[in-house]
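Beneath this line is the structure, given in structure tokens, with notes to follow.
Computed from the coordinates by the stated procedures, all read-outs in this text should not be read as laboratory data. Just so it is clear, the model here is predicted, and its values are computed rather than measured. Cβ atoms come from the backbone with ideal geometry, glycine included; neighbour counts cover every protein chain shown.
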Amino acid sequence: MKQLLVLLASLCIGHAVQKDLSEKVFTFPVAGHSANVKLVPVGEAPLTALTMCMRFFSTHTGSQSLFSMALPSNPDAFFLFKPSLGVYRLHINGEPLDIKGLPDELNEWNSVCWTWSSNNGLTTLWVNRKRSARKALGANFSFRGRLSIILGQDQDSYGGMFDASQAFVGDITDVHLWSSVLTPCEIRSFMDGGLFTSGNLLNWKNLQYSTSGRVHEETSDFGQMC
């Protein structure tokens with residue numbers, strides 16, 4: 001079964017395009033069970049440290065998926081979810097951790113970075129330059145196998161089985177993924193729209209991806225003044 005799932009994921013990758021998405025966003029205008037963006041990472045596991053950064057804009061107050069990374073062995077291998085307004089839920093290898101007290105602005109851009117290290121399991125979530133307390137999650141775990149990365153939906157199985165009630169509604173941009181823990185200065189530079197080194201696993205300026213369902217590629221207004 002796992003081999004079949006990996007094969008299906010590989011077939012989807014075959015339809016991917018590679019583009020510079022600077023000043024572009026993916027817009028998910030309505031909740032549904034089909035709209036998603038599949039991202040193709042550079043390189044392979046094993047991975048023992050990660051930093052994921054992204055920006056999102058939404059007026060949706062219900063639950064929604066921000067970043068879903070699955071392994072054939074676990075659909076919630078590295079998963080950032082918002083179960084409700086003001087709550088961010090992190091998953092490492094299926095283990096959940098709720099983060100409260102960080103910004104969650106409606107009708108505004110939110111810049112998010114999430115760091116994790118297998119060595120000690122320390123994980124930290126940053127939103128709009130404010131960070132959570134460091135917590136332990138997924139200590140000694142490593143990512144092995146082909147990664148399935150999806151924006152806009154929660155993978156209840158590897159590469160699919162989406163639930164419309166958990167779909168993202170709004171805009172997503174500037175998604176980067178690194179195989180290391182970024183420093184606080186690097187994270188603040190990303191959040192401020194300054195200079196930073198693009199992700200070595202996912203790079204928004206050179207991104208391989210495919211879209212399904214009602215997803216639109218539009219011009220970003222982050223940091224722009226008219």
Next item on the list: Place the peptides 70-78, 82-90 in order of packing, highest mean first, counting for every residue the other Cβ atoms within 10 Å and averaging per peptide.
Entry: 70-78, 82-90
Next item on the list: Could you list LYS24, LYS130, LYS19 in order of exposure, starting from the residue whose Cβ has the fewest other Cβ atoms within 10 Å?
Entry: LYS130, LYS19, LYS24
Check: Hey, can you rank 176-184, 138-146 by average C-beta count inside 10 Å, highest first?
Finding: 176-184, 138-146
Checklist line | Reach of LYS100 by Cα under 18 Å, taken over lysines that are not fewer than 8 positions away in the same chain | finding: LYS82, LYS130, LYS135
Checklist line | Note, ³J(HN,Hα) from phi for the range 80-89, Karplus 6.51, -1.76, 1.60, rounded to Hz, x at Gly and Pro | finding: 10, 9, 10, x, 6, 4, x, 10, 10, 10
Margin query: How large is the convex hull of the C-alpha atoms of the chain per residue, in Å³?
Written below: 110 Å³
Next item on the list: Let me know the shape class of the range 138-226, please: from the alpha-carbon gyration tensor, a ≥ b ≥ c as square roots of the eigenvalues, rounded when a/c is under 1.5, otherwise prolate if a/b is greater than b/c, or oblate.
Entry: oblate
